[in-house]
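The values are calculated or read from the model by the stated rules, or taken from the named source; none is laboratory data. Since this is a predicted model, take the numbers as computed values, not measurements. Using ideal geometry, Cβ is built from the backbone for each residue, glycine included, and neighbour counts are taken over all protein chains shown.
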Amino acid sequence: MSFRAGMSKVTGDIHPSDSYLRVDAIPSVWCSGCGIGLVVHTFIQTLKYLRFDLNKLCVVSGLGCTGKIAEYLNLPSFITTNSNLFEYAGQLKSKNAGSKIIVFSNNADFLVSGAKDFIEIGKKNIDLTVIHINNIIYTITENGIFPNTPFRRMVTGQSDELPFNIPHLAKSCGAQYVARWTPLRAGWLMYSIIDTILKGNFSVIEVVSPCVTYYANRDQMGDAVERMAFYDHFAIMKPGESTENLDLRAHDRLIIGKFLDKDEI
Amino acid sequence: MESKREEKVKVFSSGMKVARGEVEVMRDRCKGCGFCVTYCPMGVLELSEEYNVKGYHFPVVKDEASCINCGLCEMLCPDFAIWSLLKEERPVIELPRRDE
């Protein structure tokens with residue numbers, strides 16, 4: 001299986017993915033080197049590879065940087081309000097049983113106000129694919145602490161609580177498929193999305209992606225390439241690891257892999 | 001003693017072909033993050049000294065003959081600005097060496 005198997009030959013000044021994008025809106029608002037662009041491109045590659053029927057697909061996204069994904073994809077797509085993301089997606093699925101719903105969620109969508117609906121959907125095992133892009137801060141409010149911020153990070157409003165563990169939350173809520181990747185592992189992410197689309201369970205994929213602009217002032221870590229490479233080298237692959245060990249502690253490595261697949265062949 | 005590369009060339013020289021690609025850049029979409037330049041396995045690209053419409057340095061082709069159409073630049077571009085097309089196939093012996 002080759003990565004470019006589904007690609008058609010293109011000539012002229014048209015990108016091979018342009019038929020999946022709203023070309024008038026591009027270049028996007030995302031910062032130079034943001035991981036969200038990588039995730040979107042991987043998602044498009046997946047659809048190409050599967051030759052997926054685009055009439056049987058719907059993309060739902062919420063607020064903030066991640067919310068713009070639905071704006072740029074030339075698919076049936078919805079931008080919802082912050083607190084109603086998962087409720088909306090669940091209702092959409094119950095009314096359109098034949099179609100596939102992909103949810104791109106944000107830290108604020110997921111933990112701050114949407115968690116109630118997330119738990120409900122998990123209990124009912126509604127067929128949703130949640131791609132959660134975790135940039136470990138509130139992107140808009142620059143230095144605010146967040147339930148997911150790593151232990152003893154330099155932020156205003158310092159607290160000593162352990163960061164929230166999203167894969168464990170997903171597993172406890174009844175997700176059938178849980179995985180975590182970084183944006184540079186695009187091939188692994190692609191196969192995870194293929195798995196979740198084909199199996200039809202409630203499945204959660206977390207993508208730990210650096211925020212290029214706001215963390216840059218605090219960390220003094222350099223440009224986008226350096227930052228992305230740091231996240232990728234800091235990550236260690238441990239597939240099948242128990243989800244209890246997966247919170248973002250300060251001195252542990254970032255554990256990535258596929259942790260749970262109840263429908264494994 | 002033969003180097004690893006020479007061994008590989010010996011093994012694969014009997015009729016094995018490798019693809020040759022051609023990189024195309026849409027310069028006004030680029031935001032100059034540099035992923036394609038950093039992660040290109042054959043060192044085909046470099047950042048230009050010119051600016052595009054938005055004021056970023058876009059990638060230009062430095063070493064046209066080396067591209068093997070792996071598609072990594074296209075896969076890692078967050079702004080849908082670069083891609084490669086299959087041009088022709090050629091024997092593996094002609095593969096140019098990348099100086100580290």
### Task
Show the residue pairs that are 6+ apart or on different chains and have beta-carbon atoms under 6 Å apart, the first residue being within the range A:216-242 and under 23 Å from A:Asp261 (Cβ atoms) and within 14 Å of chain B (Cβ to nearest Cβ), the second being modelled with pLDDT of 85 or more and in a helix (DSSP H, G or I).
none
### Query
Is it the case that some residue within the range A:28-35 is more than 14 Å from chain B (Cβ to nearest Cβ), touching a residue at least 12 places away in the same chain (Cβ under 8 Å), under 30 Å from B:Lys87 (Cα atoms) and not hydrophobic (A, V, I, L, M, F, W, C)?
no
### Given (1) under 17 Å from A:Ser209 (Cβ atoms); (2) surrounded by fewer than 17 Cβ atoms within 10 Å (Cβ to Cβ); (3) modelled with pLDDT of 90 or more, index of the condition A:Ala179 fails
(2)
### Message
All but one of (1) assigned to a loop (DSSP other than H, G, I, E, B); (2) at pLDDT below 90; (3) surrounded by fewer than 16 Cβ atoms within 10 Å (Cβ to Cβ) hold for B:Glu49; state the number of the condition that does not hold.
### Response
(2)
### Task
Please verify whether the range B:9-21 includes one or more residues that are at pLDDT 80 or above and surrounded by fewer than 17 Cβ atoms within 10 Å (Cβ to Cβ).
yes
#### Entry: Subset of the range A:101-126 that is charged (D, E, K, R) and out of contact with any helix residue (DSSP H, G or I) (no Cβ under 6 Å at 6 or more places or on another chain) - its residue that is farthest from A:Leu57 (Cα to Cα)
A:Lys116
### Task
Output the residues belonging to the range A:103-129 that are small (Gly, Ala, Ser) and assigned to a helix (DSSP H, G or I).
A:Ala108, A:Ser113, A:Ala115, A:Gly122
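So how many residues does the range A:15-27 have that are among the aliphatic types (A, V, I, L, M), at the interface with another protein chain (Cβ under 7 Å from one of its Cβ atoms) and either in a helix (DSSP H, G or I) or over 15 Å from A:Val59 (Cβ atoms) (or both)?
Qualifying residue count for the region: 1.
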### Task
Note down all Cβ pairs under 6 Å where the first residue falls in the range A:107-123 and is under 16 Å from A:Ala175 (Cα atoms), the second is at pLDDT 85 or above and outside any helix (DSSP H, G or I), and they're at least six residues apart or on different chains.
A:Phe110/A:His132; A:Gly122/A:Gly174; A:Gly122/A:Ala175; A:Gly122/A:Phe202; A:Lys123/A:Gly174
### Query
How many residues does the range B:55-73 contain that are under 10 Å from the mean Cα position of the chain (by Cα) and surrounded by 21 or more Cβ atoms within 10 Å (Cβ to Cβ)?
2
### Query
Could we say that A:Gly62 is within 14 Å of another protein chain (Cβ to nearest Cβ), of a type outside the set (Ser, Thr, Tyr) and buried (at least 22 other Cβ atoms within 10 Å of the Cβ) here?
no
### Message
Please determine whether any residue of the range B:55-64 is closer than 22 Å to A:Ser17 by Cα, assigned to a loop (DSSP other than H, G, I, E, B) and within 11 Å of chain A (Cβ to nearest Cβ).
### Response
no
### Message
Condition (residue is closer than 24 Å to A:Leu169 by Cβ, touching a residue at least 60 places away in the same chain (Cβ under 8 Å) and away from chain B (no Cβ under 14 Å)) applied to the range A:78-85: is it met by at least one residue?
### Response
no
### Task
Those residues that are touching a His at 6+ places or on another chain (Cβ under 9 Å) and surrounded by 14 or more Cβ atoms within 10 Å (Cβ to Cβ), I need them from the range A:232-244; list them, please.
A:Thr243
### Query
What's the number of the condition A:Val39 fails, among (1) touching a strand residue (DSSP E or B) at 6+ places or on another chain (Cβ under 6 Å); (2) at the interface with chain B (Cβ under 8 Å from one of its Cβ atoms)?
(2)
## Note on the structure
Among (1) of a type outside the set (Asp, Glu); (2) at pLDDT below 80; (3) assigned to a helix (DSSP H, G or I), A:Lys171 falls short only on (2)
